[in-house]
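Peer 1: Handing you a structure now.
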Amino acid sequence: MTRGSSKDLVSPSSNPERLLHKLSKNHKSVSGEYIESSPFPSSTVVQGLECLIPPPAPMAERQTMADVTRPLLEGRGGPIRFPVVEGHTLELKHHIIQLIQNNCQFHGLAKEDANTHLRNFLKLADTFTQRGIPQTTIYLHLFPFSLTYHAQTWFDSLKPQSITSWNDLATKFLQKYFPASKLTQTRNDIINFRQEVGESLYDAWERFKGLLQKCPNHNLDDTHVIQTFYNGLTMVHRPTLDAAAHGNLMDFTASEAWDLIEKLTEQHHDWRSSNSPSPIASPSSGRSEMDL
């Protein structure tokens, strides 16, 4: 039994605020003994249970219906957080923006090649430099001007201020428009390359190099690349390469073989162009049949 009158005993189901007021007034515990003031004045112990009384919540700021429907500026802005270059301010020239918009536009269509677009963009962007400004910062500022249609919609949908470097932007672009499925397909096109019937050695080599450009990360070393092209040639043109190598193309290094193929295919192309049939002139009009 606890000491003190029975009226000081309060069941746990009683109102804690009332109990706290009563105890703070009498300065007694439920056992009838005085207790020292607690560093937490808003709490007390009732028969082994701690009753916490939170401070009153602040009154919410009055918000009208007009406030709710008012447009907000927060969250706006592009997805790029441009790096600050101390002591320098980038000034984009109007002619370089027009150059990119007129000659390097990516629409985001399935037939477009993202790697080719990046290569063409960098080629144009590198024509513009500014003292004290890193070239990658220039890329960040110019790349959005190379996007239009679906690609522009994709770019605008990115989280604001989520891109902080050129590597971030290029990676997100390739993940969107050159995903793993496209990479695998293009890599298989390289590995399974075959010269087509009636295709010249020059055209086969140019087509093969085009496949390599579409998939820069094909993960094939130079030797494997040359072997893949050589094995894909018909029995008509494979001996041509061996003859040019004075025996066997595989006796060359990958670099030497590449240079030999470049030189040989160019010669074949020049020879074919110089021996193409000339237009036949019409005796009556003096014009060639090519003009008709």
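All of the numbers you see were taken from the coordinates with simple rules; none came from a lab. Since we're looking at a predicted model, the values are computed, not measured. Heads up, the Cβs are rebuilt from the backbone with ideal geometry, glycines too, and the neighbour counts pull from every protein chain shown.
Peer 1: Dipole of the range 182-273 (Lys/Arg Cβ +1, Asp/Glu Cβ -1, origin at the Cα centre): which of Thr253, Thr234, Gln213 lies farthest to the positive side?
Peer 2: About the Cα centre, the residue reaching furthest to the positive side is Gln213.
Peer 1: Kindly state, as a whole number, the per residue volume in cubic angstrom of the convex hull around the alpha carbon atoms of the range 153-195. Display every interim value, and only then the final one.
Peer 2: Values: hull volume 3.9 nm³, N = 43.
That works out to 90 Å³ per residue.
Peer 1: If the viscosity is 1.567 mPa s and the temperature 4 °C, what translational diffusion coefficient in µm²/s does Stokes-Einstein give for the range 182-273 when Rh comes from Kirkwood over Cα pairs?
Peer 2: On the way: Rh = 13.5 Å.
The calculation lands on 96 µm²/s.
Peer 1: Using modelled backbone amide H atoms (1.01 Å from N, in-plane), which distant-in-sequence or interchain residues come within less than 5 Å of Phe106's amide H?
Peer 2: Residues meeting the amide H criterion: Leu147, Thr148.
Peer 1: Among residues other than Lys176 whose Cβ falls under 12 Å from its Cβ, what is the net charge (Lys/Arg +1, Asp/Glu -1)?
Peer 2: Details: positive: Lys172, Lys182; negative: Glu112.
Result for the local shell: +1.
Peer 1: Still on this structure, I have one more. Quick one: net charge of Glu256's neighbours, Cβ under 13 Å, K/R +1, D/E -1? Intermediate values should be presented prior to the final figure.
Peer 2: Numbers: positive: Lys263; negative: Asp222, Asp251, Asp259, Glu262.
Result for the neighbourhood of Glu256: -3.
Peer 1: Per-residue HN-Hα couplings for the range 251-268, Karplus 6.51 cos²θ - 1.76 cosθ + 1.60 at θ = phi - 60°, whole Hz, x for Gly and Pro?
Peer 2: Listing the rounded values in order: 7, 8, 6, 4, 5, 5, 5, 4, 4, 5, 5, 4, 5, 5, 5, 5, 5, 5 Hz.
Peer 1: Here's a follow-up. Short version: ³J(HN,Hα) in whole Hz for each residue of the range 230-242, in order, from phi by Karplus 6.51 cos²θ - 1.76 cosθ + 1.60 (θ = phi - 60°), x for Gly and Pro, what are they?
Peer 2: Those phi angles translate into 4, 5, x, 6, 6, 5, 7, 9, 5, x, 5, 5, 5 Hz.
Peer 1: Measure up Lys93/Lys182; Lys172/Lys214; Lys123/Lys172; Lys93/Lys209; Lys93/Lys263 against 29 Å on the Cα-Cα distance and list the ones that go over. Present the calculation step by step, with values, prior to reporting the outcome.
Peer 2: On the way: Lys93/Lys182 35 Å; Lys172/Lys214 17 Å; Lys123/Lys172 20 Å; Lys93/Lys209 34 Å; Lys93/Lys263 40 Å.
Over 29 Å Cα-Cα: Lys93/Lys182; Lys93/Lys209; Lys93/Lys263.
Peer 1: Tell me, what HN-Hα J-couplings in whole Hz come from the Karplus equation 6.51 cos²θ - 1.76 cosθ + 1.60 at θ = phi - 60° for each residue of the range 98-113, using x for Gly and Pro?
Peer 2: 5, 4, 6, 5, 8, 10, 8, 10, 10, 9, x, 8, 4, 7, 7, 9
Peer 1: Hey, another quick one. Within the range 130-151, whose backbone N sits under 15 Å from a point 7 Å along Cα→Cβ of Lys93?
Peer 2: Correct set: 130-133, 138-139, 142.
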